[in-house]
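The values are calculated or read from the model by the stated rules, or taken from the named source; none is laboratory data. Quick caveat: nothing in here was measured; it's all calculated off a predicted structure. Every residue, glycine among them, receives a Cβ derived from its backbone with ideal geometry; neighbour counts consider all protein chains shown. These area figures cover heavy atoms from the full protein model, side chains too; ligands, DNA and RNA do not enter into them. Shrake-Rupley method; radii C 1.70, N 1.55, O 1.52, S 1.80 Å.
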Amino acid sequence: MECPDKSENIDGNVDTNDLPNDDQVLSLITDAMFVDSILSVNPLGPPTRGNFAGEANFEISIDGSQTRRKKFLFSAKLNKIYVDIGVDFPLKFNWDASKYQYMYVRATVIYSDADQAQKKVEACYQHSFYSNTANSVTGRNVLRSGRELGVPDVYYFGRDDDPDSWYSVLVAGNPSLEHPYQFVCKNSCTSGINRRNIEIIFTLEDALGVVFGRQSVGVRVCSCPRRDMNKDEVAMEETGVKRPAPSQPNTTKKIKIDVQHQQQQQQHDTVVTLPSLSVVGIPTVVSGLRVMLSMQEQALAIKTDNYQPVDDLIKCITDMKKCIDDLEDKLKDKPS
């Protein structure tokens, strides 16, 4: 005798106890809309350079004592990672937990030299097309997450057919976030990096794409990490040239605000008056308004933490709550 499915009773009717309630549905919808928000922030052109920890005190930690066992090396003298192709190198990101909780860290690979700054870093043809499935998601990005494709909280950006659409890897999490990365191309690949110096710029962002901190670290992807690291450290000692450490803000440069992020922030701050619409069902309207209300309240929390103007948000939230209350009163008054 087969047991009845737990979502149905003996008569074949759906058991509503197993269905998500309104709060669960609202949470799922809100989470999905915030993911859509950050996924809409597709950076164009090279990222702004210059390290700054910001009020978030954003910094990168690399445990050099563990690098030999993990098959990659880190030179504190050069602030540079030496790693072989396809080898994971885990990094730890820290920021002020008292001010910022769930945030996003974007990793963008750039050419270090000023004369190459406007060129997008792309994997060579041989390594970029080793997997049709991966290529459809990551494009020709030389940097990949060490986790499998499709895992939560890992997103890829950048388009092959747009020279201004730069590749980046975005990961989400709370303070003390740890994440493994790997390269799919070597510095020596002739149709890719072609022996040019590269580095990774990491930016700490909120769900709206606003940057709260930026750090960078140099990288060399090679077959003999220890040999190349020793060679570069000797050369540095002879020339005295050293890269700035990622955890220290660069106080000699004025921090530039990305024009793109300014435009995106203006879009998020614009007050929109909705046109007159007809919607069937008061519960449907209430559910939609609650989703918008939840997103407005989260935006208010972000702006309040960063001392940004909130007058428009407070007014919109107040009006929206009143509208929801009025609609719910109609539901109560409606005869059964």
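Per-residue answers, yes or no, for (1) under 29 Å from GLU55 (Cβ atoms); (2) in a loop (DSSP other than H, G, I, E, B); (3) at pLDDT 90 or above:
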{"position": "VAL121", "(1), (2), (3)": "no, yes, yes"}
{"position": "TYR156", "(1), (2), (3)": "yes, no, yes"}
{"position": "ASP160", "(1), (2), (3)": "no, yes, no"}
{"position": "PRO163", "(1), (2), (3)": "no, yes, no"}
{"position": "LYS186", "(1), (2), (3)": "no, yes, yes"}
{"position": "THR190", "(1), (2), (3)": "no, yes, no"}
- prompt: Across the stretch 72-115, what is the number of residues that are farther than 15 Å from SER216 by Cβ and outside any strand (DSSP E or B)?
  reply: 15
- line: So, first residue within 20 Å of GLN296 (Cα to Cα) and open to solvent by less than 20 Å² (accessible area, probe 1.4 Å) in the stretch 201-229, second residue aliphatic (A, V, I, L, M) and at pLDDT below 90, Cβ within less than 6 Å, six or more apart or across chains; the pairs are ASP206/ILE302; ALA207/ILE38; GLY209/VAL41
task: Output the residue which, of all residues in the stretch 198-231 that are small (Gly, Ala, Ser) and part of a strand (DSSP E or B), is farthest from ARG49 (Cα to Cα).
output: GLY218
- request: Kindly indicate whether PHE52 is under 21 Å from the mean Cα position of the chain (by Cα), modelled with pLDDT of 90 or more, closer than 30 Å to GLU297 by Cβ and among the hydrophobic types (A, V, I, L, M, F, W, C).
  value: yes
message: Checking SER168 against (1) open to solvent by 10 Å² or more (accessible area, probe 1.4 Å); (2) at pLDDT 90 or above; (3) small (Gly, Ala, Ser), only one condition comes out false. Which one?
response: (1)
query: Before we move on, is LEU149 touching a residue at least 24 places away in the same chain (Cβ under 8 Å) and either within 27 Å of SER61 (Cβ to Cβ) or not aromatic (Phe, Trp, Tyr) (or both)?
result: no
